[in-house]
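Note sheet for the following structure.
The values are calculated or read from the model by the stated rules, or taken from the named source; none is laboratory data. What you see is a predicted model, and the numbers here were worked out from it, not measured in a lab. Using ideal geometry, Cβ is built from the backbone for each residue, glycine included, and neighbour counts are taken over all protein chains shown.
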Amino acid sequence: MEKRLNYDNPLIERYASREMCEHFGPQKKFSTWRKLWVALAESELELGLPVTREQVDELKAHIDDIDFEVAATYEKKLRHDVMAHVHTYGDVCPSARGVIHLGATSCFVTDNGDCILYRDALKMVRDRLVAVIDSLAKFASKYRALPCLGLTHLQPAQPTTVGKRATLWTYDLATDLEDLEYRLSKMRTLGNKGTTGTQASFLKLFDGDHAKVRELERRVCEKIGFEKPYAVTGQTYPRKLDAQILDVLSRIAQSAHKFGTDMRILAHKKELEEPFEKNQIGSSAMAYKRNPMRCERVCSLARFVMSLQSSPAMTIATQWMERTLDDSANRRLSIPQAFLAIDAILIIMKNVVDNIVVYPKVIEKNLRAELPFMATENILMAAVEAGGDRQDLHEHIRQHSVAAANVVKIEGGENDLLQRLRNDPVFAKVDIDAEIAPEKFIGRAPEQVDEFIQEIVDPIRQKYPNLNVAESELRV
């Protein structure tokens with residue numbers, strides 16, 4: 001029997017998709033470094049530096065065949081991860097060994113590499129986010145007109161509809177999508193800046209030709225998929241970017257937490273439930289339990305992401321002068337794990353939304369238990385129209401309401417307000433049953449759902465018509 005002694009990161013072992021885990025894995029990271037070295041060497045060749053086509057071709061041929069054991073041996077000896085991989089790459093590209101990393105400092109691969117990984121990870125999050133928005137909108141449309149009890153302060157309030165409530169969750173995520181798209185549109189990369197951001201090493205390579213230094217940077221950025229680099233930097237790209245990315249991920253987590261909490265409350269009220277599989281066990285002790293474990297997990301992971309938001313904020317605040325290295329260990333932890341957790345959250349949300357169980361009879365029962373008090377204004381106006389005295393009618397309703405509330409709160413009985421009103425002669429001319437139809441109390445909720453989907457969701461669907469998000473099943 002195999003012993004498992006080391007700590008396993010639950011985000012990788014239990015929650016996030018294989019795609020996102022691999023995206024931040026060593027193969028992707030160090031292959032990206034090699035692609036950067038290729039882009040640099042090729043651009044230097046194009047601009048006349050002593051780099052040959054054969055050397056570039058050799059580098060291209062060995063982008064993915066990374067010997068991690070050799071790299072680990074080098075790093076143990078050199079105590080420098082970038083130089084360890086320079087040597088590892090050079091071992092399989094002997095003719096190109098001398099031009100790998102030419103003119104560059106470590107941040108050329110670490111920071112440009114991270115910008116590539118973060119940009120592409122944001123796109124992966126964007127696609128999952130769009131998929132959840134689409135599913136929630138479908139749910140909202142389906143239940144656009146199903147009346148339910150509205151809650152403010154978590155107390156009974158004017159009725160709404162199940163679909164209208166779902167648009168609130170959807171709109172939060174649509175707003176998050178706008179923020180994410182904006183961040184992607186403004187994202188830049190480090191480029192070729194050198195040890196303190198002055199590009200001195202590249203200027204020397206090109207014998208003082210400033211135009212060629214700028215052109216080198218432009219070409220490298222173009223080859224790695226960025227329109228332009230950050231205008232000025234120290235040794236690293238501005239760590240402000242990390243804070244901006246975590247802000248976006250935290251906002252998604254905030255929206256997810258709201259959704260998860262609402263679903264847990266509605267499950268408590270037995271109105272909506274997350275999917276519960278045939279052989280799923282809700283409790284090891286209480287066999288009848290149907291715990292909302294998926295939404296609980298959403299909330300748990302969301303709190304984790306929100307807590308990570310502070311790390312890059314403190315990092316940017318303490319980046320002395322042109323850079324310090326106290327950002328490195330923190331960034332290796334906080335940023336990838338925030339992406340992994342958000343990935344997991346959106347996978348769970350999609351699973352829940354696509355399979356929400358709705359109990360219309362319970363929803364109606366809960367609504368009708370509170371509706372008599374809410375309907376009194378309509379009943380009052382109908383009685384006035386039938387010839388009654390408004391002030392006299394108001395006092396009758398007040399007395400009956402107090403008595404009915406005492407039955408509910410003190411005696412633990414059912415709300416009998418409507419029966420009291422039916423038995424009161426002053427309301428004899430009022431069709432009380434007609435006045436308490438739930439559809440009369442939901443205002444424009446169904447129409448608001450339709451308008452929201454048309455104005456907010458449909459443009460998102462049109463923007464991403466061929467969305468192809470890999471389905472990721474829940475592993476636990």
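Before moving on, here are some points about what is shown:
- Subset of region 240-274 (residues that are more than 21 Å from the chain's Cα centre (by Cα) and either of a type in the set (A, V, I, L, M) or outside any helix (DSSP H, G or I) (or both)): I265, L266, A267, K269, K270, E271, L272, E273
- Unique residue being in a helix (DSSP H, G or I) and not acidic (D, E) when the list is T315, T324: T315
- Residue in region 9-31 that is modelled with pLDDT of 95 or more and closer than 30 Å to G208 by Cα present: no
- E471 satisfies every condition listed in (1) within 30 Å of P292 (Cα to Cα); (2) in a loop (DSSP other than H, G, I, E, B); (3) modelled with pLDDT of 85 or more except (3).
- Pairs meeting the criteria (first residue in region 226-249 and free of Cβ contacts under 8 Å to residues at least 60 places away in the same chain, second residue β-branched (V, I, T), beta carbons under 9 Å, at least 6 apart or on different chains) are K228/T189; P229/T189; P229/V220; Y230/T189.
- For V92: the one exception among (1) surrounded by 16 or more Cβ atoms within 10 Å (Cβ to Cβ); (2) in contact with a helix residue (DSSP H, G or I) (Cβ under 8 Å, 6 or more places away or on another chain); (3) in contact (Cβ under 8 Å) with a residue 12 or more places away in the chain: (2)
- Residues that are aromatic (F, W, Y), part of a helix (DSSP H, G or I), modelled with pLDDT of 95 or more and surrounded by fewer than 17 Cβ atoms within 10 Å (Cβ to Cβ) are absent from region 138-155 altogether.
- Filtered by the rule that a residue be buried (at least 20 other Cβ atoms within 10 Å of the Cβ) and small (G, A, S), region 1-38 gives A16, S17.
- Condition check for I66 on (1) exposed (fewer than 13 other Cβ atoms within 10 Å of the Cβ); (2) assigned to a loop (DSSP other than H, G, I, E, B): one failure, at (1).
- Members of region 406-432 found to be without any contact (Cβ under 8 Å) to a residue 12 or more places away in the chain and part of a helix (DSSP H, G or I), listed by number: N406, V407, V408, K409, Q419, R422, N423, P425
- Taking the numbered list (1) under 24 Å from T236 (Cα atoms); (2) at pLDDT 95 or above; (3) surrounded by fewer than 17 Cβ atoms within 10 Å (Cβ to Cβ); (4) not assigned by TED's automatic domain parsing to the domain that holds D327 in turn, D120 passes all entries but (4).
So that you can scan it fast, the table gives a plain yes or no per residue for (1) over 23 Å from C221 (Cβ atoms); (2) within 35 Å of the chain's Cα centre (by Cα):
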{"site": "F30", "(1), (2)": "no, yes"}
{"site": "E46", "(1), (2)": "no, no"}
{"site": "E54", "(1), (2)": "yes, no"}
{"site": "D64", "(1), (2)": "no, yes"}
{"site": "R79", "(1), (2)": "yes, no"}
